[in-house]
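One structure below.
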Amino acid sequence: MAEGDAAAPKKMSRILEWLEVLAKLVGASAVLVVALFANSLQSKLTGVSIQSQREQAESQLRASMFSSLIAPIMGPTGSDKPMSVDRELILTELLALNFNENFEMKPLMEDVIKRLNTERVGKKETEDDPREQLWSMARRISERQKATIAREWSASRSSDKSSATGCEAYYLNLNTTMERHDAPVAADAECQVAAAFSDIVDLKSPDGNYTLRMVAHRPDFENQTVRVSAQPFLSRQNSPKSTDTQYSFTMTWLDLPLTDNTILSDGNRFAAYLRTFYGETVSVTVMWFPKGYFTPRERPLNYTEVQQLLGRTQQ
């Protein structure tokens, strides 16, 4: 009995020793975990800080560049002699290529075209069209902007497997020699449309909620423009109502997707731009934006990140 009483304190002492060792290990582990967390947090904060500084430096550079380019066009020249059209063309190209997502460049480009048209008077028709330089640049910008929206579509479909799978873009080929159709023309399985001028063309939004009814007519092959009538309406109506808004405009090379687009009440948005003017054929691209999309000049942040922060997925 005495031996048992003597062993009890020893056993208790060992338990206390083990508890003390365990407490030290837990404390050391906690310190290590906190250190690792702090290091990870610091790395993230450092990355965010570097990115923020880089974006700030880039914004300052772009602001300085924009001021340097726009000042000669909009500001006083220091003399009564206007800026040469060649210099204005170069400055306009630099502005459009670097700031086309953020600013409406069409008025500036139209002014250059107007001056180039004035200088074309009296020149031989065999000479190269001086407007082609600006038109070519506009084509590049349009395709670049379309590729940007295609990436947004890819990200949208990756995050929402149940999203609609309709055509994101339609390619209209309008021919002056083709006979007109009696009924509205729809796209084929590859989102291609072959139609005559003045044909009615119906193009559905990717989610099928809206149908865009378009009519292209009066092509001007000399100035490379075409008159367009566009009327979006709810697909369940089968045809537009008299109260549905109709847009009539002259489409030119200067219509760019990110600035010349139309947003509908349900968040759908579409744009149309010229793709080619060749022989007797005019090609037009009609593209739809991801539902709820807003353009760079309408927001200061990344569209996809904002949607994720808000917990919204594309429908």
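Read-outs throughout are calculated quantities, based only on the coordinates presented, and are distinct from any laboratory measurement. From a predicted model like this one, the values you see are computed outputs, not experimental measurements. In this analysis, Cβ positions are derived from the backbone assuming ideal geometry, glycine residues included, and neighbour counts consider all displayed protein chains.
Taking a ≥ b ≥ c as the square roots of the eigenvalues of the alpha carbon gyration tensor, region 130-251 is oblate, as a/c is not under 1.5 and a/b does not beat b/c.
Ranked by the mean number of other Cβ atoms within 10 Å of their residues, highest first, the peptides 200-207, 223-230 fall in the order 200-207, 223-230.
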